[in-house]
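Where a number appears in this text, it was derived from the coordinates with a stated rule and is not lab data. All of these numbers come straight from a predicted model, not from anything done at the bench. Here the Cβ positions follow ideal geometry from the backbone for every residue, glycine too, while neighbour counts run over all protein chains shown.
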Amino acid sequence: MVSDTVEPRAADGIAREEATDGDPVPVLRTFWGAQCAVWSFLILFGWTARLITFGDVFAATVMTLTVDPLAFLMTGALHVVFLSRRRRITTIPIIIFLLGFSLAGGLVLREIADVVRRLALNDMPLPLSPAMMTVFYTITLIGWSLMYFWRTALLEARSERLRAAEARAEAVRLEMERLHLQLAPHFLFNALNSVASEIHDRPGEALEMVRRIAAYLRYCLDHAAHSRCPLADELEAMRAYLRIQELRFEERLSTTVTVDPAALTVLVPHMILQGLVENAVKHGLQHQDDAIEIGVRVERLDDRSIVIEVVNSGTLQPERTGRPAIGLANTRQRLRLHYPDGYELTLKQAGDRVVARLMLRGSACLV
């Protein structure tokens, strides 16, 4: 028995990664949102520190409401004029610059605080020396700088993850296009061989086969831009393919299709049944000289799962090492891309029949 099973994986799909890859704190998505949040904390911290140091609510409140808003404007202007124009913030020169800014800003804010003390607080003596006040304001600005670095590093990491996700999405899209391009020539090769074998002996049937092949390719082209489609459409395309084969093999090939109506609206990858049915026709007839029967059964198990079985009479042959069947290999690769939450594909011998069983969980991911 050949099996290919993918179990459910956590945070594996591209869509899921993007959904969980946002900012931990939504307010940090813009600078001014982060600026207001950070300075709300720093102002509360500064007012509490002044209240403890001064022992006077009025003095702490006046000093906080006059000095800290100026620090808010200074740091905002620093961002607008300088930091926002830098490609990368987390570099040694920028770190040194911000340390110098914090020290210079601490000196400026100390002088402003001294003016406020003399004009608004009637030259009230403060328990802190000018040096300690400079240290206080410098530490406050260094705290702002650390918050700024943290937010910038967070956004840079998020942007890098988004770029990586976009690159993976593009790689998946290109891989899907490659698989589609591989599948179409494979089908055409087999179909044209079928027509060529009938031209001399049965030209009428060969002409009808060409018409049906053209109709089938029209369906493929109409859905080429869509990576997913309802299962009902895929079943109709599969029936068109089987009608082509029935015309070729006449009485030797008989097919039955049994479908659970509840499964018809499930979204599945475009042409996902092609490889299974083509494999059943090709290898079933290859190993049996007389008639071959092919049965297709579709059943919906629950709200998230459907089962598709393609059964053909004949004997399961081992895959040649290094040369797996194109149709099945193509199907497996596309299933891995479309179903990160898991699928099961098995191919086994059951008595005198070969059973290909495909279980799909949920709708196919958009690729």
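With a sphere of radius 14 Å drawn around the Cβ of residue 44, what net charge do the other residues whose Cβ falls strictly inside it have (Lys, Arg +1; Asp, Glu -1)? Its environment carries a net charge of 0. Counting only the Cα atoms, segment 111-165 fills a convex hull of 82 Å³ per residue. For segment 207-250, what does the alpha-carbon gyration tensor say about shape, rounded, prolate or oblate, given a ≥ b ≥ c as the root eigenvalues, a/c under 1.5 as rounded, and a/b over b/c as prolate? The shape class here is oblate.
Residue 210 sits among other residues whose Cβ lies under 14 Å from its own Cβ, and their net charge, with Lys and Arg +1 and Asp and Glu -1, is +3. Averaging the sequence gap over all C-alpha pairs within less than 8 Å and six or more residues apart, then dividing by the number of residues, gives segment 259-315 a relative contact order of 38 percent.
The distance from the alpha carbon centre of segment 36-50 to that of segment 57-127 is 13 Å, rounded to a whole number. Karplus-based coupling profile of segment 199-207, in residue order and whole Hz: 4, 6, 7, 9, x, x, 5, 5, 5, with θ = phi - 60° in 6.51 cos²θ - 1.76 cosθ + 1.60 and x standing for Gly or Pro. Here the Karplus relation 6.51 cos²θ - 1.76 cosθ + 1.60, evaluated at θ = phi - 60°, turns the backbone of segment 138-150 into coupling constants of 5, 5, 4, 5, 5, x, 4, 4, 5, 4, 5, 4, 4 Hz, with x for every Gly and Pro. Proximity of backbone amide H atoms, modeled 1.01 Å from N, is registered between residue 259 and 298 at under 5 Å, excluding neighbours fewer than 5 places apart on the same chain. Taking amide hydrogens as placed 1.01 Å from N in the peptide plane, the amide H of residue 253 sits under 5 Å from those of 292, each at least 5 positions away in sequence or on another chain.
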